[in-house]
Amino acid sequence: MDPALGSELARHVLAEAPPPVGAIVAGYWPIGEEIDIRPLLIRLLERGHTIVLPETPRRGEALSFRRWRPGEALLREPFGTFAPRGEVLTPDFLLVPLLAFDRLGRRLGYGGGFYDRTLAAMPAAGLLGCAYAGQEIAEVPAGPGDVRLPAVATERGIIRCIAGP
């Protein structure tokens, strides 16, 4: 789980699953050993996309997203995350962090339900999970409120998820 593999993930996303032209793209600032998507965020900025990062709300609420530009200070938030203080914008396309995923597009997050609530409230938004290939498991437990991902980007390529039960 080498954070430097984020450059490979970026290469695959841009070649195989780029956000629509002009989309406001929600990324995330990597924490811990998460795959580093900052190379992708920079490349998307260069392509003219507006980038937003999540702001962690109180428990039980959906995420909000604030505009981010390279070099801007980030504030430490709950759960060890970081967020900018730019204007609040609604993304058209979300790059979703995860702990584990399966081929049916089910994801395991950090347990707060923030992304589940957020994704449920944005049914028209494009979604792409971001993870190391080694985070794929045979089956992720899912409940009725869990939103499935249509695809997951890894350092090895884009995995198109299969619609399932």
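The values are calculated or read from the model by the stated rules, or taken from the named source; none is laboratory data. What you are looking at is a predicted structure, and each value in this text was computed from that prediction instead of being measured. Reconstructed Cβ throughout: ideal geometry from the backbone, glycine too, with neighbour counts over all protein chains shown.
Some observations on this one:
- Leading residue by the ranking (nearest to the chain's Cα centre (by Cα)) among those in the range 106-140 that are over 21 Å from residue 59 (Cβ atoms), part of a loop (DSSP other than H, G, I, E, B) and not charged (D, E, K, R): 131
- Residue 149 within 19 Å of residue 40 (Cβ to Cβ), modelled with pLDDT of 95 or more and part of a loop (DSSP other than H, G, I, E, B): yes
- Residue that is farthest from the chain's Cα centre (by Cα) [pool: residues in the range 141-162 that are closer than 21 Å to residue 20 by Cβ, of a type in the set (Gly, Ala, Ser) and surrounded by fewer than 19 Cβ atoms within 10 Å (Cβ to Cβ)]: 157
- Taken over the range 1-18, the criterion of being of a type in the set (A, V, I, L, M) and either in contact with a His (Cβ under 9 Å, 6 or more places away or on another chain) or farther than 22 Å from residue 82 by Cβ (or both) is satisfied by 14, 15, 17.
- All positions within the range 19-59 that are buried (at least 18 other Cβ atoms within 10 Å of the Cβ), part of a loop (DSSP other than H, G, I, E, B), out of contact with any His (no Cβ under 9 Å at 6 or more places or on another chain) and not β-branched (Val, Ile, Thr): 27, 28, 29, 34, 36, 49
- Pair list, Cβ under 8 Å, 6 or more apart: the range 117-136 residue more than 15 Å from residue 104 (Cα to Cα), other residue at pLDDT below 95 and part of a helix (DSSP H, G or I): 125/119; 132/5
- Considering the range 115-130, the residues that are among the hydrophobic types (A, V, I, L, M, F, W, C) and out of contact with any helix residue (DSSP H, G or I) (no Cβ under 9 Å at 6 or more places or on another chain) include one that is surrounded by the most Cβ atoms within 10 Å (Cβ to Cβ), namely 119.
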